Every structure is written in C-alpha cells, then in structure tokens.
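Take a look at the structure set out below.
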Amino acid sequence: MNADPFVHHITHPLVQHKLTLMRRKDASTSSFRRLLNELSMLMTYEVTRDMEVTYIDIETPMEAMRAPTIDGKKLALISILRAGTGILDGMLQVVPGARVGHIGMYRDPNTLQPVEYFFKVPQNMEEREAIVVDPMLATGNSAVAAITRIKKTHPRSIKFMCLLTCPEGIACMRGAHPDVHIYTAAIDRELNDHGYIMPGLGDAGDRIFGTK
Ligand code: URA
C-alpha cells in the first residue's frame, strides 16, 4: 500500500489492463500508440479530478438550470520531449481547450546532468495549472530539472503524470519537489544499471515512434 498522499497510483482495472498490453514486447508500434492514447485519456480523468468548476446558466429541453463547466485553457500540459508528446493527444481529446508547452532535455555525457535545449510554454503561466507529462519517471533527473524550470514561470500548481515509475524515481521527485503530486499507473520494482525501469516496458520513445 502506498501511504504517500502525493503519489497517486491509478489502479483502475481499465488502466491496468491497457498498461499490461503495452508492456508486452510483441505489442506493435501502432497498438502501443493506440493504447497510450487511451490510457492518457483515462489518466487525465484522475489528474483533473480536483479541477475547479464554474457554474453557468443553461436550458435543457425541460427547464433552466445552473450546470458545472471547466475552463480547459486554464490547464497547461507540458510535454517533456520526446516521449511526453505521445501522451498529449489523449489528454487533448478529453480537454481540447488545454494549452500545450514543450521542454527538451538531453543528458550531458560527461556530467550526466540534464541540459535544456528547448523551452516553449504558454503565456501567462501564473493563471494556469501545469501538468507535466513523461511516460517514464525513471532516474527522475529530467523530470526534476523540467519542473525546476517550469516553477520559474509561476504556474498556480504543478502535477506530474507518467505511466510508470519506480521507487528511485519517486524518491528523486519527492526529494526535489515535495509539493508536486505524482500520478502514475504503476510503481515498478527498480531501476537497472542503465537507468531503465524493471520490469518496465523498454524505451518509451522508441516504442511510441517505432525508432528501434
Ligand atoms: N526511459 C524509458 O523510455 N524507459 C525506461 O525504462 C526508463 C527511462
């Protein structure tokens, strides 16, 4: 059982079923992408659960009522390149008005530290709730660096959403950004010596884009 209130493990059977299909090494690129899209939609349901609603006056065929709405553009979905992009489509299908940002990081081969090479986020971040997305929270180094950078734009809140993580990734994120809620479909056993999550699903970017 996970007692940390900042770590949201989404155990819904539909999410778990689709994740299992994605993990299989014989899943084709097209089915991996389709499942990622579906999983992203389902996970968006959880990650937006506490979104603010505004009541508006409408008329049903029966009578007038006040009904709740959300303001999608208050959300800034920030993809960590390149694998985060695979999650965006599904999220935008359920919150089409959301704004989108991208942040690119690579790992310096000498220092092994993440280096930013691209940063473009919506204007007026201080009016928005940021959801940073990357399928894998592995070492946590890129995600932590991305969130450190995004904090400088002063969004109203920041959440992090991934498909898979591991104890090492959670510890890294919780240590650096204890205010950031993590949403994940699985917490796997461990990180291997090459920084891959075990049992994991392999290289998420390669599996989404068919590059290997
Ligand atoms: N990135 C991936 O794509 N897979 C992992 O297992 C870890 C990091």
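The values are calculated or read from the model by the stated rules, or taken from the named source; none is laboratory data. No experiment lies behind these values; they were computed from the predicted model shown. Note: ideal-geometry Cβ built from the backbone for every residue, glycine included; neighbour counts use all protein chains shown. Accessible surface is based on the protein model in full, side chains and every heavy atom, while ligands, DNA and RNA are left aside. Shrake-Rupley method; radii C 1.70, N 1.55, O 1.52, S 1.80 Å.
Given a 1.4 Å probe and every protein chain left where it sits, what share in percent of the accessible area of the chain is carbon and sulfur?
Looking at the chain in its full context, I get 54 percent from C and S.
Calculate how steeply helix 85-94 sits against the longest principal axis of the alpha-carbon atoms of the chain, using the helix alpha-carbon long axis, and give the answer as 0 to 90 degrees to the nearest 10.
Here the helix axis deviates by roughly 20 degrees.
What does the charge count around Thr211 come to, taking other residues whose C-beta lies under 11 Å from its C-beta (Lys +1, Arg +1, Asp -1, Glu -1)?
For residues surrounding Thr211, the net value is +1.
Quickly rank 52-58, 195-201, 80-86 as a protection proxy: mean count of other C-beta atoms within 10 Å, highest first.
In decreasing order of mean packing, 52-58, 195-201, 80-86 become 80-86, 195-201, 52-58.
Equivalent-ellipsoid semi-axes (√(5λ), Cα gyration tensor) for the chain, whole Å, largest first?
Numbers: eigenvalues 171, 87, 53 Å².
Equivalent ellipsoid semi-axes, largest first: 29, 21, 16 Å.
What share of the DSSP beta bridges in the chain is antiparallel, in percent to the nearest 5?
Here the share of antiparallel DSSP bridges comes out near 35 percent.
Could you sort Arg49, Arg149, Arg24 by accessible area so the largest value comes first, with the probe set to 1.4 Å?
Solvent-accessible surface, decreasing: Arg49, Arg24, Arg149.
I'd like the accessible area for Phe119, computed on protein heavy atoms only with a 1.4 Å probe and all protein chains in place. Round to 10 Å², please.
50
Whole number in Å², please: accessible area per residue of the chain, 1.4 Å probe, ligands, DNA and RNA not counted.
Accessible surface, normalised per residue, equals 53 Å².
Beta carbons within 10 angstrom, averaged per residue: use that to sort the peptides 132-143, 175-186, highest first.
132-143, 175-186
What nm value, rounded to one decimal, do you get for the distance between Arg82 and Phe118 when each label is placed 7 Å out toward the C-beta?
Modelled inter-label distance: 0.9 nm.
When ranked by the protection proxy of mean other Cβ atoms within 10 Å per residue, highest first, what sequence do the peptides 3-14, 162-173 form?
162-173, 3-14
Mind running the shape call on segment 58-116? Use the C-alpha gyration tensor, a ≥ b ≥ c as the square roots of the eigenvalues: rounded below 1.5 for a/c, prolate if a/b tops b/c, oblate otherwise.
Prolate.
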